[in-house]
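Have a look at the structure below before the remarks.
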Amino acid sequence: MTIPPAWGKFAPAQIQGPTPGSNEASLPQSRENEDVIRSTQLKDTTTKKQEDHVRKPWAHFVAGGIGGMSSAILTSPLEVLKTRLQSDFYQSQILATRDARGIPPPSDLSLPRTALLHFRETFQLLFSIHRVEGWRALFKGLGPNLTGVVPARAINFYSYGNGKRIISQNFNHGQDAAWVNFCAAANAGIITGTITNPIWVVKTRMQLDKNHAEKTSTSSNRQYSNSFDCVKQTIRSEGIRGLYRGLSASYLGVTESTLQWVLYERMKLYLRRREDRLMASGRKATYWDNSVSWGGRVLGAGTAKFFAAVITYPHEVVRTRLRQAPQRDGRMKYTGIVQCLTTIWREEGIASLYGGLTPHMLRVVPSAAIMFGMYEVILRLLGEQA
């Protein structure tokens, strides 16, 4: 069979369809396809940069420790206030003051009046600490707090940052996802709680030293002379297990840190997509763009902490009660999570499960913003990706 003369004018390649590797020939040229191609090229470039990037696992440890230290120092007075409001000793004082003034219990008040009463009692206690015990009392327990916060935050950020990378690379083809954040945050919370629980037991007992709260002028009446003495007395009277009081409640508290990480990562994802669109457009970032990028991360950290703390707050009260020192007869008033919850509910009402919520929120929201902001800054300075 002979080829017609008209067909013979074309080369064989010209009469063939688009080759399998020819993407340009197979896609109609339109604005939508140009956006797809540009997005694909940007994603390939980002992936290549991530592959070429030299990982520094230790950077998360350093950045987390510095972030935790900064936030702990700046918010120490509110931490002292929160711990005292959570304890049954100060709750009994508040109840006695209410009875003396003829104030009905919160269950008999409307929600606005209950909130107003809670705010007033919170700031009254804050000013009384400064007036009765001096300004140094607002930083009581800062040493044990820093001893706990710095390693706790360093371990948590190290475990989360590297855990997220390992989980995503081995189980999700290197892609980030909400379930990856969830697993990495839960793993980091369990590791951190197990390692640092003895430090938090000492910090809580030092802050709740009743004799020092009653007679600050005579240090000989204090139950614990220092942190080391607190450790010795705890081991002598309760054994090694005494240093792990509240560990089960700490594991319960993993829900808060996990929820916070997931919410924070979702907010960062929105900001990251905004930055990708900016790069794809070829427009140079302005001062406003940089402000939105960094301000959004700080605001996102505070917002994530706010919602996570409100939802999971009762575990904070339970954890503080479980870490308290034994009573004078040597018995522990609270022996477990369920027993502690039922005892508080029966003796003090459900409102006591939110004791100290106001100073807690006033502390943890700016604390989270400071800590995560510092964490991101230090990581950038060390050349590591968050």
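The values are calculated or read from the model by the stated rules, or taken from the named source; none is laboratory data. As the structure is a computational prediction, the values presented were derived from the model and not from experiment. Positions of Cβ are backbone-derived with ideal geometry, glycine not excepted, and every protein chain shown enters the neighbour counts. Please note that ligands, DNA and RNA were not included when accessible areas were found on the heavy atoms of the full protein model with its side chains. Shrake-Rupley method; radii C 1.70, N 1.55, O 1.52, S 1.80 Å.
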Counting only helices (runs of 4 or more DSSP H) wholly inside segment 244-327, the ones holding at least 3 residues that are acidic (Asp, Glu) are 254-281
Picking from Arg346, Arg363, the residue that is without any contact (Cβ under 8 Å) to a residue 12 or more places away in the chain, within 24 Å of Gln93 (Cβ to Cβ) and of a type outside the set (A, V, I, L, M) would be Arg346
- Task: Return yes when Tyr160 is of a type in the set (Phe, Trp, Tyr) and under 28 Å from Gly355 (Cβ atoms) and no when it is not.
- Result: no
Counting only residues in segment 302-336 that are at pLDDT 85 or above and of a type in the set (Gly, Ala, Ser), the one farthest from Thr258 (Cα to Cα) is identified as Gly302
Taking segment 337-349 and the residues there that are over 25 Å from Gly239 (Cα atoms) and modelled with pLDDT of 85 or more, the one that is surrounded by the most Cβ atoms within 10 Å (Cβ to Cβ) would be Ile344
Picked from segment 358-386 (must be of a type in the set (Val, Ile, Thr) and open to solvent by 10 Å² or more (accessible area, probe 1.4 Å)), the residue farthest from Gly163 (Cα to Cα) is Thr358
Ile191 vs (1) without any contact (Cβ under 8 Å) to a residue 12 or more places away in the chain; (2) open to solvent by 30 Å² or more (accessible area, probe 1.4 Å): all pass except (1)
Val310 passes all but one of the listed conditions (1) touching a helix residue (DSSP H, G or I) at 6+ places or on another chain (Cβ under 7 Å); (2) hydrophobic (A, V, I, L, M, F, W, C); (3) open to solvent by 40 Å² or more (accessible area, probe 1.4 Å); the exception is number (1)
Gly64 fails exactly one of (1) out of contact with any helix residue (DSSP H, G or I) (no Cβ under 6 Å at 6 or more places or on another chain); (2) surrounded by 22 or more Cβ atoms within 10 Å (Cβ to Cβ), namely (1)
By residue number, the members of segment 281-301 that are aliphatic (A, V, I, L, M) and either at pLDDT below 90 or open to solvent by 90 Å² or more (accessible area, probe 1.4 Å) (or both) are Ala285, Val292, Leu299
Among residues of segment 95-130 being free of Cβ contacts under 8 Å to residues at least 24 places away in the same chain and among the acidic types (Asp, Glu), the residue surrounded by the most Cβ atoms within 10 Å (Cβ to Cβ) is Asp99
